[in-house]
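Notes for the one structure printed next.
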Amino acid sequence: MPVENCASLSRAACIGLWRIDHSHVVFESAMTSDAEPLAELRLLQGLAEQAARTQAPQIRSLQPRDDIRLFLLAIPVVHRDRTRSVVGFVLGEPVVRGSALERWELVEDRAELSLTDGCYGELNYFQEISREVRFPLGTGLPGMTWKTGVPRLLHPLATSPEFLRAGEAGEAGLEIGIGFPILGEGSEVQSVLLLLSSSGISFAGEFQIWTESAGRCTQTDRLIVEQSPVANSEEQKMLDGVIEDLVLEAFARKTAIVERIPAPSGRETGLVVLPVLYDFGISSALVLVMNGK
């Protein structure tokens, strides 16, 4: 059960991976910027267990001290009606100050989505607006993510016709939108997780979307928030190959992956692979790249 210190986690204090073994949620590994991460892992353990049980993303906001505020996030990976793994994040300042986490789910007996959970840091007006909005399936970032069943990247939000809260996002300083579908019974989308942030304090330095079909893996979208400080083009090519291999591994093993990748130059990169796994059709994955320092 390795816990690796990772200097590239400038945005997340801790990222943990749990696997599900005969209905038991078992800690597998973690990347952390904290030399003593046990407190963060204890916070995430309960949330990971809840995400595995409900097959829905779990979001919490904590303020253990007046000068410290945290977002906790647990994302389940589901295949064939069973939770296979959970990735948990502890996010601290400055991310929580200018970001939002949202969970959208179907309104009973209606083909539209409503907000069922969220954390908004200091974005109080955006939170109030979001509570009143509903999205028909296929409309807005939540509705399009639900309809397509694959992760989506939007940037910039303020001018995107797909982001129906564009004006409010611009006022709040939100520039990046990530939509991630969570599967449930019968491999149907059960909920949609949105990660919303500014470019300056995004959840990762880079986001990638990959799809898999007939054993082949293709990168279909990419958003570079912060240029990777790799030493040279060969090192970047090596990193790109590692990411593709990890995405294929996630599809093959039906699980999320959390890895720290060292580089010859001495820099390191944290990688998180979150697959969306279908038995029929095209599986996909969201990759978060935590750039090295």
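The numbers here are math on the coordinates, done by the rules we state, and not lab data. Treat the numbers as computed from the prediction; the structure is a model and nothing was measured. Cβ atoms come from the backbone with ideal geometry, glycine included; neighbour counts cover every protein chain shown.
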Next on the checklist: Looking at the chain as a GNM with Cα springs under 10 Å, which of Leu239, Leu106, Leu248 has the largest mean-square fluctuation?
Outcome noted: Leu239
Item to check | Helical contribution to [θ] at 222 nm, DSSP H n ≥ 4, -39,500 (n - 2.57), averaged over the chain, rounded to 500 | outcome: -7000 deg cm²/dmol
Checklist entry - In cubic angstrom, how much convex hull volume per residue do the alpha carbon atoms of the chain span? => result 127 Å³
Checklist outcome for this item: A correct fewest-to-most ranking of Ser61, Ser284 by other Cβ atoms within 10 Å would be Ser61, Ser284
Checklist outcome for this item: Where a ≥ b ≥ c are root eigenvalues of the Cα gyration tensor, a/c under 1.5 meaning rounded, otherwise prolate if a/b exceeds b/c and oblate otherwise, region 147-210 counts as prolate
Checklist outcome for this item: Proxy exposure order for Val26, Val289, Val133 (fewest C-beta within 10 Å first) is Val26, Val133, Val289
Item to check | Order of Leu274, Leu141, Leu286 - criterion: other Cβ atoms within 10 Å of each residue's Cβ, fewest first | outcome: Leu274, Leu141, Leu286
Checklist entry - Per 10 Å bin from zero, what fraction in whole % of the C-alpha pairs of region 79-162 is there, up to the bin with the longest pair? => result 14, 39, 38, 8
Next on the checklist: Within the chain, which is the longest segment that contains none of the GluC sites (Glu not before Pro) sitting in a DSSP loop with at most 14 other Cβ atoms within 10 Å?
Outcome noted: 1-107
